[in-house]
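Notes for the one structure printed next.
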Amino acid sequence: MEKITVIVPCYNEEAALHYYYKEMSRVMDEMNDVDFELLFINDGSKDKTLEIMMELAKKDSRVKYISFSRNFGKEAAMYAGFENSTGDYVCLMDADLQDPPRLLPEMLKAIREEGYDSAATRRVTRKGEPPIRSFFARMFYKIMNKISDTELMDGARDYRLMTRQFVNALLELKEYNRFSKGLFGWVGFKTKWIEFENVERVAGETKWSFWKLLLYSIEGIVAFSTAPLAIASLIGMLMLFIAFIFIIFIIIKTLIFNDPTSGWPSLVCIITLIGGIQIFCTGILGQYLSKTYLETKKRPVYIVKDTNIEDEKTK
C-alpha cells in the first residue's frame, strides 16, 4: 500500500496540536487506501509543543517527531521533513489548520488519476488579514514575477502534496539560504493548483509578524533574482547623468548670466541624496555578499536534539 508522509513544522503550537491531530486523524481514517506517517518538526519551541508530540507518538505509531536544538526557522523544518520522509508521497501542512486537511483526498486524486507531480494550494481570499499586510503580500508576488524567471503563484501556501520524485529533486538543492516557495517552482514538474478561501487559525497566534514577512520577502528576492543588482547599477548611471547635466547647467549659468552658485542648503540636499543612494546600493550588494558568505561556511541547515525516528529504525 502506498504511503503519505505529512510534514508538520511547529513552533510554539501547543494550543493547536490537539485540534490538528483530531482533524487529521479523521481524514486519515477516511483515506483508508493509503498508509500515513505524521512527521512533526519541533522548531525549537519554548512551550509544551515537544511534550505533546511525544504524547501523540506514544498512543499512535504513525506519529514521528524531530526536535531541533534551537529555532532554525520554518525553511529548516521543511527541509528536515523532506530528508526524513519515507512516504511515496510527501505533504507539507501547518499545524494551525489554516491548511485544511479535508483537501488532501482531492490533492491525492490529482496526482494519482490526473497525472500531476504536485498538488498545491492557494488562497483566493485574505479574509481576516490586516489590509496593509495583504497589500504588501500581493505587491511581493507581482514584483517577484516581474524580476524573476521562477513563477510564484499569488496566494500560494506551503501546503502541497508531492511525489517522491518531486521531493528528491528538492533535496538535490543543498543551499543553506532556502526559499521554498521559489524552489517549488524552480524544480519544475507539473503542478495542479487547488483554490480555497482563507481559514482562521484554530488556536494560538501567528508567528509571522509584518517585519518577519518583510525579511522573508527580501530572502526570496535575493535568492531568485539578480535584478536588484542591475537596478543599483542603473540608479548609479542615472545619478551620474543627472550630475553631469547639473554641472553643465551651473557652468553655463555662471559664464553667460554671471550668476555665481550659492546656497549651502541645496548642496547639503544633493550630498545627502547621493549619499543615500550610495548606501542603498551598497546595502543591495551587501545582501548578496552576506548570502554568499553564509553558503561558504557549509553549516548544517538544522541540528537535531531529540527524535523517535532512530528508535523506529533500530527495532
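The values are calculated or read from the model by the stated rules, or taken from the named source; none is laboratory data. Worth saying up front: this structure is predicted, and the values here are computed from it rather than measured. Note that each Cβ is placed from the backbone with ideal geometry, even for glycine, and that neighbours are counted across all protein chains shown.
Under 9 Å between Cβ atoms, which residue pairs at least 6 apart in sequence (or on different chains) link something in the range 4-32 that is over 19 Å from D88 (Cβ atoms) and in the same structural domain as R102 (by TED's automatic domain parsing) with a partner that is assigned to a loop (DSSP other than H, G, I, E, B) and among the β-branched types (V, I, T)?
That search, which allows pairs on different chains as well, returns A15/V202; A16/V202; Y19/V202; Y20/V202; E23/V202.
Would you mind finding the one in M54, M107, M78 that is under 16 Å from K22 (Cα atoms) and part of a helix (DSSP H, G or I)?
The unique qualifying residue is M54.
Taking the range 283-310 on its own, how many of its residues are surrounded by 12 or more Cβ atoms within 10 Å (Cβ to Cβ) and of a type in the set (S, T, N, Q)?
Number of matching residues: 4.
Could you list all residues from the range 67-101 that are within 16 Å of L173 (Cβ to Cβ) and polar (S, T, N, Q)?
S85
Output the residue which, of all residues in the range 57-70 that are within 24 Å of the chain's Cα centre (by Cα) and not in a loop (DSSP other than H, G, I, E, B), is surrounded by the fewest Cβ atoms within 10 Å (Cβ to Cβ).
S67
Consider E51 against the criteria (1) modelled with pLDDT of 90 or more; (2) surrounded by 17 or more Cβ atoms within 10 Å (Cβ to Cβ): it satisfies all of them except one. Which criterion is unmet?
Tallying (1) modelled with pLDDT of 90 or more; (2) surrounded by 17 or more Cβ atoms within 10 Å (Cβ to Cβ), E51 fails exactly one: (2).
Quick test for you: out of M78, M31, pick the one residue that is more than 18 Å from the chain's Cα centre (by Cα) and of a type outside the set (V, I, T).
Matching residue, one of M78, M31: M31.
Yes or no: N12 touching a Ser or Thr at 6+ places or on another chain (Cβ under 8 Å), among the polar types (S, T, N, Q) and crowded, with 22+ Cβ neighbours inside 10 Å?
Here the answer is no, as N12 does not meet what is asked.
Any chance you could count how many residues in the range 133-178 are at pLDDT 80 or above and among the hydrophobic types (A, V, I, L, M, F, W, C)?
8
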